[in-house]
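Participant: My questions will all concern the structure given below.
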Amino acid sequence: MSSILIANGPNINLLGTRQPHIYGTASLKDIESLCRERATHYQLSLECIQSNHEGELVDAIQGAHGRHNGIVINPAAFTHTSIAIHDALTATGLPIIEVHLSNIFQRENFRTHSYVSPIADGVICGLGPEGYGLAIDALAKIIEARES
Ligand code: DQA
């Protein structure tokens with residue numbers, strides 16, 4: 001059975017109460033349930049992690065090599081700052097889908113640069129929680145193509 005890692009960065013644990021006009025009212029738990037349902041549909045097993053710490057995210061990404069077949073990541077604020085996360089994702093050699101709940105291009109200028117996008121297979125932003133579902137749809141197809 002193929003397996004995917006869903007990784008969420010800093011402050012994503014606050015979803016539901018954090019700036020609901022931007023991020024909506026779904027909690028991280030709600031998003032993880034949506035991911036579980038979608039992964040089950042494709043018979044993918046799933047590990048979900050969230051951390052406010054860059055090093056913990058790097059460790060989890062490194063750990064995905066050999067354990068998972070792809071990664072969906074919302075690096076949150078580290079999107080715009082972290083070469084370490086860029087390098088860790090690259091080192092896994094796994095397909096990567098970058099997700100943002102909000103449309104980062106409609107917001108402050110500093111959010112328009114992503115260190116992850118250049119090494120991601122795809123980027124989804126502005127579609128709220130369903131972005132994670134669409135990322136799993138895409139990853140399922142990429143993993144299937146890689147395995148056949
Ligand atoms: C975010 C967008 C980032 O700019 C921000 O720092 C986040 C969340 C999103 O999901 O829209 O924390 O990644």
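Participant: After finding the eigenvalues of the alpha carbon gyration tensor for the chain, what semi-axes result from the square roots of 5 times each, listed largest first in whole Å?
Facilitator: Working through the eigenvalues yields semi-axes of 22, 18, 14 Å.
Participant: Another question, then. Using amide H atoms built 1.01 Å from N in the peptide plane, name the residues 5+ places from ASN103, or on other chains, whose amide H lies under 5 Å from its own.
Facilitator: Here the answer is GLY126, since their amide H atoms fall under 5 Å of that of ASN103.
Participant: Oh, and also: For segment 4-56 and segment 71-148, what is the separation of their C-alpha centers, rounded to whole Å?
Facilitator: Spelled out, the Cα-based centre of one part sits 13 Å from the other.
Participant: Between THR81 and LEU134, how high is the FRET efficiency from 1/(1 + (r/R0)^6) when r is the Cβ-Cβ distance and R₀ = 30 Å? Nearest 0.05.
Facilitator: That gives a FRET efficiency of 0.75.
Participant: Quick one: what are the phi-derived ³J(HN,Hα) couplings along segment 35-43, Karplus 6.51/-1.76/1.60 with θ = phi - 60°, whole Hz, x for glycine and proline?
Facilitator: Result, rounded to whole Hz: 5, 4, 4, 5, 5, 4, 3, 9, 6.
Participant: Per DSSP helix of 4 or more residues, -39500 (n - 2.57); summed, then divided by the residues of the chain. What does that give at 222 nm, rounded to the nearest 500?
Facilitator: Helix-only estimate at 222 nm: -12000 deg cm²/dmol.
Participant: Could you tell me the convex hull volume per residue, in Å³, taken over the Cα atoms of segment 48-100?
Facilitator: It comes to 71 Å³ per residue, whole-number rounded.
Participant: Could you tell me which GluC sites (Glu not before Pro) in segment 102-148 are loop residues by DSSP with no more than 16 other beta carbons within 10 angstrom of their beta carbon?
Facilitator: Passing sites in segment 102-148 are GLU108.
Participant: If you don't mind, there's one more thing I want to ask. Which far-off residues, 5 or more places away or on another chain, put their amide H under 5 Å from the one on SER45, with H placed in the peptide plane?
Facilitator: Here the answer is SER2, SER3, ILE4, since their amide H atoms fall under 5 Å of that of SER45.
Participant: Given labels modelled 7 Å from the Cα in the Cβ direction, how far is it in nm from THR25 to ASN103?
Facilitator: 2.2
Readers should treat all values here as calculations from the given coordinates under stated rules, not as data from a laboratory. Being a predicted model, the structure only gives us computed values, none of them experimental. Cβ atoms come from the backbone with ideal geometry, glycine included; neighbour counts cover every protein chain shown.
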